[in-house]
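Have a look at the structure below, then the notes.
A short reminder: the numbers here are calculations on the coordinates, not readings from a lab. Computed from a prediction, not measured in an experiment: that's the story for all the values here. Glycine also receives a Cβ, built like all others from the backbone with ideal geometry; neighbour counts cover every protein chain displayed.
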Amino acid sequence: VPYRFRLSALCILGFVAVGLMTLRASAQSQEQPQAQLDPEHIYLRDCATCHGASGRGTNRGPTLIGVGKASADYQLSTGRMPLESPDEPSRRRKPAYSEETIAALVDHVATFGGGGPEIPKPVLEGADLGLGGELFRQQCAACHSWSGTGGALLDREAPTLYQSTPVQTAEAILVGPGTMPAFGPAALDDEQVDNLVAYVEESIRHPRDRGGSPLWHLGPLAEGGVAFVLGLGGIMLIIRWIGERE
Amino acid sequence: VSRQGTEAAQPDAIVAAERRAERRAALAFLACAAAAGALAVVYWRGGNPRVEGILLGLALGGLGVGFVTMGQRLLPQGPVEQERHELSATEVEEDELEEEFERAASVGRRRLLMSALAAAVAGLGAAILFPIRSLGPKEGGTLSRTPWRPGMRLVTDDGRPVTVAAVPANGIVTVFPEGHAGSADGQAVLVRVDPGVLAPKKGREDWSPQGLLAYSKVCTHAGCPVGLYQAETHQLLCPCHQSAFDILDEAKPVFGPAARPLPQLPLSVDAEGVLRAQGDFSEPIGPAWWNRR
């Protein structure tokens, strides 16, 4: 193919891509108006079918009385709720509502009563990453794997932690959403939760990769492969050059 | 420039080639000096592991390239032969060797020596028989007992007593007998379920106050820590071989290679709300062993 055709094809592709992205952006901005609805209306429209109009639960979904703000905020901010249908597996999606709407919905759910844990405020400043890492390997790594990629359970799975914000991580530890058990003050005190959340935030979600290129965090096999091919290959070439006779 | 070429060429061509090699080696050594100097400066100015690594690599690499160039181009090239002396033995040496052999053949006729050797072998054999007794079957009950005693408090791995209030619904805590935090035999998983879903079997009715259940954390298959708890399905999972235990049904195995249920720790709650054990586990913990009944 002649050079100038390839160049023009590339240009056309570029224009199409930019056009598509603009369309997507404008489509997203058009979704916003629903934020103007009041939380009670949204609750009745999206949640009450399964959880009941006053949060007492139905045969399709559990009660929301006493779940606490932490649980409601976790489920809504991770996009796990609302579900399209009660049989749909609960997994992380793009949140269905804006942050303000989620906060209003969480407050609305709290009006059903029963108390429950408040949204935690993890303090990452001054947290001990070393202790956090030890706690992570003791309490979390069995299910979420030591690198936080998640793992398979029995007919269930532990999700990856890469998308979990500090508040969401602290909420999950506190309330134990879904399959996950709750880690109360006997298992982890507040300081330990802070250390743990800091470890997840700084060492799992944003590792500093002091060794240079992380190779997309593919893990030891990829690193070994690169060391084998580039490292050993380079050494072989050098050995050949040293032993060369003129 | 090939070897044959330089040999056939005029001496001043060789001299020119050697001068080029000398310049190349000198350049490599100077590069080493420059990189080493830069390394010292970078370290002095606060350091940067990546830059320091690259500079150290350049310095050592320059030194190496210089040495190899020196060795290949400026030092005499082989191959060089050295004559060896004659390797065959003289007639006198052969006779001496023969004499030695004949002397060794007479050792078998020395009776004192032979019987002493037999005594040594017999004694050693008898001594080996005694440690065999140590392999015997009596483990003295150490395998079937753990540190748990009636009334002992449940503590976390850092020794804090576990209260009922500190374990939320669907909660999980790894617990140890007080005074034995970190004990491998005594470790147990404490979980809290809705008391409404509990239907304890006969003899275990008062083992799970307020929905709190404790089971040995040592898998009955291969002894791994059974630390994964699926709160929704009330199952404890072993990460090693995926054995699953139903904690609502005496932790009987429902999946995987484990054949025995996890031993249960009978619990009670004292006046201060602290959890205590009613006694040791319901059966010996961990995998089976030779005389486990």
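Converting phi to 3J(HN,Hα) with the Karplus coefficients 6.51, -1.76 and 1.60 and the offset θ = phi - 60°, the stretch B:214-228 yields 10, 10, 4, 8, 8, 5, 7, 8, 10, x, 6, x, 7, x, 9 Hz in sequence order, with x at every glycine or proline. Straightening the chain between residue A:206 and residue A:138 buys 22.4 nm, computed as 0.36 nm per residue apart minus the Cα-Cα spacing. Note on A:8, B:268: ascending count of other Cβ atoms within 10 Å places them as A:8, B:268, the fewest first. Compared with the direct C-alpha span, the chain from residue B:268 to residue B:80 gains 58.7 nm at full extension, assuming 0.36 nm per residue. Remark on chain B: hydrodynamic radius 28.2 angstrom, per the Kirkwood mean of 1/r across alpha carbon pairs. By the rule of a second cysteine Cβ within less than 4.7 angstrom, the protein assembly as shown holds isolated cysteines at A:11, A:47, A:50, A:140, A:143, B:32.
Using the Karplus relation 6.51 cos²θ - 1.76 cosθ + 1.60 with θ = phi - 60°, the per-residue 3J(HN,Hα) values for the stretch B:67-72 come to 4, 5, 4, 4, x, 7 Hz, with x marking Gly and Pro.
Shown is the FRET efficiency for residue B:283 and residue B:60, computed with R0 = 56 Å from the Cβ-Cβ distance and rounded to the nearest 0.05: 0.35.
Classified by the C-alpha gyration tensor, the protein assembly as shown has an oblate form. Its axis ratio a/c, with a ≥ b ≥ c, is 1.5 or above, and a/b does not exceed b/c. Report note on the peptides B:58-64, B:108-114: ranked by the mean count of other C-beta atoms within 10 Å, highest first, their order is B:58-64, B:108-114. Remark: mean inter-chain Cβ contacts per residue of B:225-232 equal 6, using a 10 Å Cβ-Cβ cutoff to other protein chain atoms.
For residue B:228, the residues whose amide H sits under 5 Å from its own are B:237, ignoring neighbours fewer than 5 places away on the same chain, with H placed 1.01 Å from N. Scoring B:28-38, B:160-170 by mean Cβ neighbours within 10 Å over their residues and listing the highest first yields B:160-170, B:28-38. Inter-label distance, residue A:8 to residue A:91: 4.4 nm, where each label sits 7 Å from its Cα along the C-beta direction. With θ taken as phi - 60° and the Karplus curve 6.51 cos²θ - 1.76 cosθ + 1.60 applied, the whole-hertz 3J(HN,Hα) list for the stretch A:198-204 is 5, 5, 4, 5, 9, 9, 9 Hz, x standing for glycine and proline. Summed over qualifying helices (DSSP H, 4 residues or more, each -39500 (n - 2.57)) and divided by its residue number, the protein assembly as shown shows a 222 nm mean residue ellipticity of -12000 deg cm²/dmol. From least to most packed, judged by other beta carbons within 10 angstrom and beginning with the fewest, A:206, A:144, B:85 follow the order B:85, A:206, A:144.
State, to one decimal in nm², a quarter of the convex hull surface area for the C-alpha atoms of the stretch B:144-293, i.e. the direction-averaged projected area.
Spelled out: convex hull of the Cα atoms, projected over all directions, averaged, 8.4 nm².
Per-residue extension of 0.36 nm, minus the Cα-Cα distance of residue A:240 and residue A:98, leaves a gain of 44.8 nm for this segment. Which lysines have a Cα less than 16 Å from the Cα of residue B:252, not counting those fewer than 8 places away in the same chain? The reachable lysines, counting only those whose Cα sits under 16 Å from residue B:252, are B:201, B:202, B:217.
Check which residues have an amide H placed less than 5 Å from residue A:151's amide H, if you skip close sequence neighbours. When sequence neighbours closer than 5 places are left aside, the close amide H contacts are A:158. Between residue A:191 and residue B:27, what FRET efficiency comes out of the Förster formula 1/(1 + (r/R0)^6) with R0 = 45 Å and r the beta carbon distance, rounded to 0.05? It comes to 0.15.
Ranking B:235, A:85, B:48 by how far each Cα lies toward the positive end of the dipole of the protein assembly as shown (charges on Cβ) leaves A:85 at the top.
Exposure proxy ranking for B:20, A:80, B:103, based on other Cβ atoms within 10 angstrom of each Cβ and starting from the fewest, stands as B:103, B:20, A:80. Mean partner shielding of peptide B:172-178, defined as the number of other chain Cβ atoms within 10 Å of each residue Cβ, is 3.
Take each peptide in B:128-136, B:231-239, count the other Cβ atoms within 10 Å of every residue, and average; sorted highest first, the result is B:231-239, B:128-136. Mean partner shielding of peptide A:173-181, defined as the number of other chain Cβ atoms within 10 Å of each residue Cβ, is 5. Residues whose amide H falls under 5 Å from that of residue B:171, counting only those 5 or more places apart or on a different chain, are A:182, B:192, with hydrogens built in the peptide plane. The calculated FRET efficiency for residue A:48 paired with residue B:202, based on their beta-carbon distance and R0 = 35 Å, is about 0.20. Label sites at residue B:50 and residue A:17, each approximated as a point 7 angstrom past Cα along Cα to Cβ, lie 2.5 nm apart.
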